[in-house]
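Here the structure is laid out as structure tokens; the discussion comes afterwards.
The values are calculated or read from the model by the stated rules, or taken from the named source; none is laboratory data. Only a predicted model underlies this, so the values are computations on that prediction, with no experimental measurement involved. Note that each Cβ is placed from the backbone with ideal geometry, even for glycine, and that neighbours are counted across all protein chains shown.
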Amino acid sequence: MKKSFYVIGFLTFFTLGIGAMFEFLTWPYRGIIVFIGFIFLNFGLIPMYFYQKYKLARN
């Protein structure tokens, strides 16, 4: 579980970083890349973080 958390975290911030680079350089598809990064963040990283905290609190 911890390894998948790190993989999702890397993908999230890598995608957001690439999206920010595209945004600054005004390249095409920048909005889609940033949107995908926020999807990873909202539906992958944040729920996984709270699930890990929930599991730790139960033990």
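In segment 14-59, how many are part of a helix (DSSP H, G or I), more than 13 Å from the chain's Cα centre (by Cα) and of a type outside the set (Phe, Trp, Tyr)? Quick ask: steps written out before the conclusion?
Going residue by residue through segment 14-59, those that are part of a helix (DSSP H, G or I) are 14-25, 30-58.
Then drop every residue that is not more than 13 Å from the chain's Cα centre (by Cα), which leaves 20-25, 30-32, 50-58.
Now narrow it down to the ones that are of a type outside the set (Phe, Trp, Tyr): 20-21, 23, 25, 30-32, 52-53, 55-58.
Of the residues in segment 14-59, 13 are part of a helix (DSSP H, G or I), more than 13 Å from the chain's Cα centre (by Cα) and of a type outside the set (Phe, Trp, Tyr).
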**Message:** Among the residues of segment 1-13, what is the count of those that are within 8 Å of the chain's Cα centre (by Cα) and surrounded by fewer than 16 Cβ atoms within 10 Å (Cβ to Cβ)?
**Reply:** 2
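Residues are listed down the side, and each one gets a yes or a no for (1) aromatic (Phe, Trp, Tyr); (2) at pLDDT below 95:
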site	(1), (2)
16	no, no
20	no, no
25	no, no
37	no, no
40	yes, no
55	no, yes
**Prompt:** Is it the case that some residue within segment 14-36 is aromatic (Phe, Trp, Tyr), surrounded by fewer than 12 Cβ atoms within 10 Å (Cβ to Cβ) and within 21 Å of residue 1 (Cα to Cα)?
**Reply:** no
